[in-house]
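Computed from the coordinates by the stated procedures, all read-outs in this text should not be read as laboratory data. As the structure is a prediction and not an experimental result, all values here were calculated from the model. Reconstructed Cβ throughout: ideal geometry from the backbone, glycine too, with neighbour counts over all protein chains shown.
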Amino acid sequence: MRESGFDIQRVIELIAERKIEEAMQEGKFDDLPGRGKPLPLDEEWFAPPEMRPAIRLLKSAGVLPDWLERAREIERLREDAQRLWRIAEREYPRACQLGAERFNEWRESSWQRILAVMQRVNSLILAYNCSAPANANPQIPFQIERERQRFYAAFVLELSEADPQSSE
């Protein structure tokens with residue numbers, strides 16, 4: 001919008017910036033609640049502005065767009081994968097006392113449970129990244145081979161010296 005040789009929008013932006021700078025110098029923003037903390041971003045923040053009213057309406061009715069439902073499911077499943085890892089960490093000392101064959105069975109079944117969750121996350125991420133608006137942050141899938149190596153490195157059979165099988 002140019003009127004008489006100047007951009008009115010830019011003039012308004014400059015005035016607003018100057019007012020904000022003045023208020024900052026006067027310390028008017030120093031005691032705001034939540035200072036120094038990240039802003040709470042709602043899911044609709046990532047939607048294009050023209051879609052936000054519709055998303056708000058759907059959300060109040062308990063319905064979300066598919067891509068937001070997928071994002072929530074991805075987050076829930078990521079937490080499940082972390083929970084399964086923590087369970088394996090708690091069971092590990094006991095599993096080391098089972099002997100080599102039973103330990104390997106425990107380790108493989110623990111890995112398979114985690115793997116199934118990670119594979120589900122990765123398939124949802126593919127669908128999410130294809131359906132989410134362009135301005136939404138893309139989800140990063142699990143690097144399954146790297147996670148497998150990390151799992152098997154973390155859970156190695158450690159037989160105690162008192163264990164008769166350790167001398168075999």
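Decide, for region 81-120, between rounded, prolate and oblate: order the square roots of the alpha carbon gyration tensor eigenvalues as a ≥ b ≥ c, take rounded if a/c falls under 1.5, and otherwise choose prolate if a/b is larger than b/c, else oblate.
Oblate.
Return the single residue from ALA127, ALA95, ALA16 with maximal mean-square fluctuation; model: Gaussian network over the chain, springs between Cα atoms under 10 Å.
Taking springs between Cα atoms under 10 Å, the residue moving most is ALA16.
If we sort 147-155, 106-114 on the protection proxy, mean other Cβ atoms within 10 Å, highest first, what's the order?
Averaged packing, sorted descending, gives the order 106-114, 147-155.
Taking Cα atoms, how many degrees apart are the long axis of helix 66-95 and the longest axis of the chain, rounded to 10 and kept between 0 and 90?
That works out to roughly 30 degrees.
Give the residue from LEU32, ALA116, ILE144 lying farthest towards the positive end of the charge dipole for the chain; charges sit on Cβ (+1 for Lys and Arg, -1 for Asp and Glu) and the dipole is referred to the Cα centre.
Value computed over the given set: ALA116.
Give the span of region 66-167's Cα atoms along each principal axis, as three whole-Å numbers ordered largest to smallest.
Cα extents, longest axis first: 60, 19, 16 Å.
What is the helix-to-structure angle for 144-154, meaning the angle in degrees between its Cα long axis and the longest Cα principal axis of the chain, kept from 0 to 90 and rounded to the nearest 10?
Rounded to the nearest ten degrees, it is 50.
What angle do you read, to the nearest 10 degrees and between 0 and 90, between the alpha-carbon axis of helix 8-25 and the longest principal axis of the chain?
It is inclined by approximately 70 degrees.
Top mean-square fluctuation among GLY62, GLY34, GLY99, Gaussian network model of the chain, C-alpha springs under 10 Å?
GLY34
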